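Structure first, commentary second.
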Amino acid sequence: MLGYWKYLEKSDPEVYAIIQREEHRQQSMLEMIASENHASPAVLVVAGSCLTNKYAEGLPGKRYYGGCEHIDEVETLAIERCKQLFGCEHANVQPHSGSQANMAVYLSQLEPGDTVVAMSLDHGGHLSHGMKLNFSGKFYHFVHYGVRKDTETIDYDQIAQLTAEHKPKLVVCGGSAYPREIDFPRIADIAHAHGAKVMADIAHISGLVAAGLHSDPVAVCEFVTSTTHKTLRGPRAGTVMCKKEFAKAINSAVFPGLQGGPLCHVIAAKAVAFAEAMTPEFKSYAEQIIRNCRMLCEELLKKGFRLVTGGSDNHLLLVDLRSYNADLTGVMAETWLHDAGIVVNKNLIPFDPRPSSECSGIRIGTPAVTTRGLKEVHMKLIADWIDLTLKSGGDDKIVSMVRNETAELARSYPLPG
Ligand SMILES: Cc1ncc(COP(=O)(O)O)c(C=O)c1O
């Protein structure tokens, strides 16, 4: 690989320099966007391999192109590892992304205009769960549930009521900004009682599910989709799992339904990540993600921040900034923390009075900093730095002092490889 970089430096110094700058950014800042992670050198090298050169429309053993013998080997390995990791009956590892994994389920089960019940985006759902401007919201009739006002946890009674009233074909669960454990069996019971199937989108939590640290949807839901690059720590992509009876429908929804040639290099990198996720080291890593998140919650609560639901069961937490400082928006917090070396994102909180361009909250995740080796003691420091930065109102002196501290910590815990 070193040879490749030397080659790139000569052949395209402009792109080379951009990648160097991005690498420096990742090395020197604390990445706390809940949906991001640092993939292993093995994943990176495979994702950058010559497998990108190959067209392989179809499935192992049934391709539309010649010369697929090694792609067949690696895709079969990825499928088998995915099945072993999650204990699912069938897996299609070709979706280019989490959205396309979801799209495959919709395409295989729904006709345009069919009704789906899913969690709303502003309560922690995802664009591909029926947001108006997304393909899902344009093609299907989504009815949304949310969280309860008093507990800010999923309103399971509302799911039951909407499912009884609208008789959806599909109930979707899983989200992008939900800090608590999801009760998949309860949702499956509700859906099945009304003749609906269930799709659990575990994009965020799949690493925790794989490690046995979160309620497992595979046995109770017909379909389980995921990204492979968040807590699972693989390449940027998706995967879809289902019961055997839906295997054919899912396969043909992915290809030729919505994709052309698969990204063979990324499929191979998924195979690597699935194997990594089966190791005892990965289980310890996933446990540490959760311990770090809990410690960060505790420390932020001590400093007077309000957390949505009061805390977290998983890898992310949502800070409601309003009680800390009524004038502080998510945008302001994101900007100041970025300048201080802590990368988070502004986020709507449930029932947010502010528009999504401003937000009253920030979402913070521990998967990426845990990958570089940070532990509970560092979460205390990070909570101090968040407090100092936000209390200062983005004061240049304070921000640059914190920036020095975060850079120092980042230097002491370099990225893998
Ligand atoms: C719950 C959920 N589903 C699906 C996706 C979509 O993944 P992608 O960005 O790979 O399309 C995301 C991404 O953040 C997500 O959080």
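In table form, for the structure just shown:
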item	result
Residue check, Glu89 surrounded by fewer than 17 Cβ atoms within 10 Å (Cβ to Cβ), in contact (Cβ under 8 Å) with a residue 60 or more places away in the chain, under 23 Å from Leu213 (Cα atoms) and not aliphatic (A, V, I, L, M)	yes
Verdict on Gly234 being closer than 30 Å to Cys68 by Cα and within 16 Å of the ligand (Cβ to nearest atom)	yes
Residue satisfying all of: in segment 9-39; assigned to a helix (DSSP H, G or I) and among the hydroxyl-bearing types (Ser, Thr, Tyr); farthest from the chain's Cα centre (by Cα) among these	Ser11
Residues (in contact (Cβ under 8 Å) with a residue 60 or more places away in the chain and buried (at least 21 other Cβ atoms within 10 Å of the Cβ)) located in segment 314-327	Asn314, His315, Leu316, Leu317, Leu318, Leu321
Subset of segment 99-130 [assigned to a loop (DSSP other than H, G, I, E, B), touching a strand residue (DSSP E or B) at 6+ places or on another chain (Cβ under 8 Å) and on the phi < 0 side of the Ramachandran plot]	Leu110, Asp114, Ser120, Gly125, His126
Any helices (runs of 4 or more DSSP H) falling wholly within segment 165-263 and containing at least 2 residues that are touching a Phe, Trp or Tyr at 6+ places or on another chain (Cβ under 9 Å) and small (Gly, Ala, Ser)	206-210
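Yes/no per residue for (1) in the same structural domain as Ser120 (by TED's automatic domain parsing); (2) more than 15 Å from Ile33 (Cα to Cα); (3) buried (at least 18 other Cβ atoms within 10 Å of the Cβ); (4) in contact (Cβ under 8 Å) with a residue 40 or more places away in the chain:
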position	(1), (2), (3), (4)
Lys346	no, no, yes, no
Gly361	no, no, yes, yes
Gly365	no, no, yes, yes
Glu376	no, yes, no, yes
Trp385	no, yes, yes, yes
Gly394	no, yes, no, yes
Met401	no, yes, no, no
Asn404	no, yes, no, no
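The values are calculated or read from the model by the stated rules, or taken from the named source; none is laboratory data. Because the structure is predicted, anything quoted here is derived from the model rather than measured. Cβ atoms come from the backbone with ideal geometry, glycine included; neighbour counts cover every protein chain shown.
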